[in-house]
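Comments concern the structure below.
The values are calculated or read from the model by the stated rules, or taken from the named source; none is laboratory data. If you're wondering where the values come from, they're calculated on a predicted model, not measured in any experiment. In this analysis, Cβ positions are derived from the backbone assuming ideal geometry, glycine residues included, and neighbour counts consider all displayed protein chains. Ligands, DNA and RNA are excluded from the accessible area calculation, which covers all protein heavy atoms including side chains. Shrake-Rupley method; radii C 1.70, N 1.55, O 1.52, S 1.80 Å.
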Amino acid sequence: HASLRLRTYLTTDVVGVEVGGAVKNVIALAAGIAEGLELGVNARSAIVTRGCYEMRRLGHLLGGRQSTFTGLAGIGDTFGTCFGPSSRNRQTGERIGRGEGIDDILATSDQVSEGVPTARALVKLVKSKDHSFRIDLKYPIIFGVADILDGKRTPFEGFQNVMSDPLRMEMYELGDNWEATSREKASVTARETEQI
């Protein structure tokens, strides 16, 4: 459907859309935390960009298509959620960054911040699916936000942890056969993703 006010695009990548919709809320919490810490626009942009890479990595693991994460259901929705002034998750993250506790924030908010339970669920999902070495280094934003929510780190410690990651190439290719691998995994993971 398309009009002067609305345009829709179609996809068959249900897994990719679901992963994008879940991870972008956690990235928005991180962007809000950076804003609350007054780290500046460059820091927020870097967090969002690296968060999108984590989205792409998790999507690849679960069978999503790369094109979904570089499209509206991936970075498009993420940008709106991370930089939009009315984003609930960004606002919650900003309050966390200013030093408010998550329990107090949730008790005084009349809106739902989906990123709060989603961060914890994504950590469990990653741990159950990615059995490689040091997965915390592959998903530092997702794991860092969950640690901040659980009181294991302060917001500032969370960002210090991201900044102290080992130096490496910015991006790694996730395989030449991304699309073929994704289609094979999608049939298995579609049912599992419904549990997120």
Practice problem: Would you be able to say whether some residue in the stretch 46-69 is surrounded by fewer than 21 Cβ atoms within 10 Å (Cβ to Cβ), out of contact with any Asp or Glu (no Cβ under 6 Å at 6 or more places or on another chain) and not in a helix (DSSP H, G or I)? | Solution: no
Quiz item: Taking the stretch 71-90 as the search range and keeping residues that are of a type in the set (A, V, I, L, M, F, W, C) and farther than 8 Å from ALA28 by Cβ, which one is most open to solvent (accessible area, probe 1.4 Å)?
Solution: LEU72
Quiz item: If LEU6 passes every condition in (1) modelled with pLDDT under 95; (2) surrounded by 24 or more Cβ atoms within 10 Å (Cβ to Cβ) but one, which one does it miss?
Solution: (2)
Quiz prompt | Members of the stretch 16-45 found to be hydrophobic (A, V, I, L, M, F, W, C), more than 13 Å from the chain's Cα centre (by Cα) and assigned to a helix (DSSP H, G or I), listed by number | solution = ILE33, ALA34, VAL41, ALA43
Practice problem: For the stretch 125-150, name all the residues that are assigned to a loop (DSSP other than H, G, I, E, B) and closer than 20 Å to ALA28 by Cβ. | Solution: TYR139, ASP150
